[in-house]
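Report on the structure given below.
The values are calculated or read from the model by the stated rules, or taken from the named source; none is laboratory data. Keep in mind that what you see is a predicted model, and the values were worked out from it rather than measured. Here Cβ is always computed from backbone atoms with ideal geometry, including for glycine, and neighbour counts include all displayed protein chains.
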Amino acid sequence: MDKPMSNSGFKLMALIFRVRDFFLPRMDVLKEVGIEAGSCILDYGCGSGSYIVPLAELIGTSGQIYALDIHPLAIKKVLQIASHKGINNMRTIESNCETGLPDNFVDVVLLYDTFHTLAQPNNVLRELHRVLKSDGTLSFSDHHMKEQDILTRITNTGLFRLSAKGKKTYSFSKVR
């Protein structure tokens with residue numbers, strides 16, 4: 001199964017992401033996804049929480065964010081962000097695969113810069129397929145992977161099909 005990176009590795013990654021987010025705001029990525037007010041979002045592999053604040057802005061107080069990560073420091077960090085920013089509609093899930101969410105529950109799943117690290121990616125894709133609503137979107141980005149590898153690995157499972165390609169993300173629809 002997947003193992004969390006070291007605490008020092010996580011802290012270094014969080015610092016690098018803070019610099020990245022200053023120059024390349026995460027809202028620019030999220031605008032491609034079409035997230036609406038009231039949406040239920042799963043940030044799978046939330047890391048240091050780069051997407052939490054812009055997600056909260058997009059979904060408003062009527063939406064819900066679930067931030068999942070395997071690393072305890074990630075969970076701690078996103079809880080700190082939510083507390084500091086007054087985000088009350090975010091919950092955390094510490095897990096390496098299972099979300100614990102109901103079937104057909106989530107409008108959008110963010111799977112950003114996580115897929116290349118997964119030991120059992122098809123198990124994760126099955127879980128995301130299970131929790132995603134029938135008209136939901138799997139928003140995918142992983143700069144560690146080439147486009148053809150992304151398309152092949154996500155669609156060959158038979159669970160998802162490519163529905164749109166943006167500048168920074170790929171959107172996949174759930175195959176019923």
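For the stretch 143-166, does any single residue satisfy the condition of being in a loop (DSSP other than H, G, I, E, B) and surrounded by 21 or more Cβ atoms within 10 Å (Cβ to Cβ)?
For the stretch 143-166, residues in a loop (DSSP other than H, G, I, E, B) and surrounded by 21 or more Cβ atoms within 10 Å (Cβ to Cβ): absent.
Which of the residues belonging to the stretch 36-76 are within 20 Å of N104 (Cα to Cα) and among the β-branched types (V, I, T)?
I41, I59, I65 - these are the residues of the stretch 36-76 that are within 20 Å of N104 (Cα to Cα) and among the β-branched types (V, I, T).
Do we find that L118 is more than 12 Å from the chain's Cα centre (by Cα), hydrophobic (A, V, I, L, M, F, W, C) and more than 27 Å from T155 (Cβ to Cβ) in this structure?
no
Which of the helices (runs of 4 or more DSSP H) contained wholly in the stretch 1-82 include at least 2 residues that are modelled with pLDDT under 95 and over 21 Å from K167 (Cβ atoms)?
Per the criteria, 7-23.
Quick check on my filter: what residues within the stretch 121-142 are surrounded by fewer than 18 Cβ atoms within 10 Å (Cβ to Cβ) and charged (D, E, K, R)?
Result: R126, R130, K133, D135.
Among the residues of the stretch 32-90, which ones are among the hydroxyl-bearing types (S, T, Y) and either under 24 Å from Y170 (Cβ atoms) or free of Cβ contacts under 8 Å to residues at least 12 places away in the same chain (or both)?
Passing the criteria: S39, Y44, S48, S50, Y51, Y66, S83.
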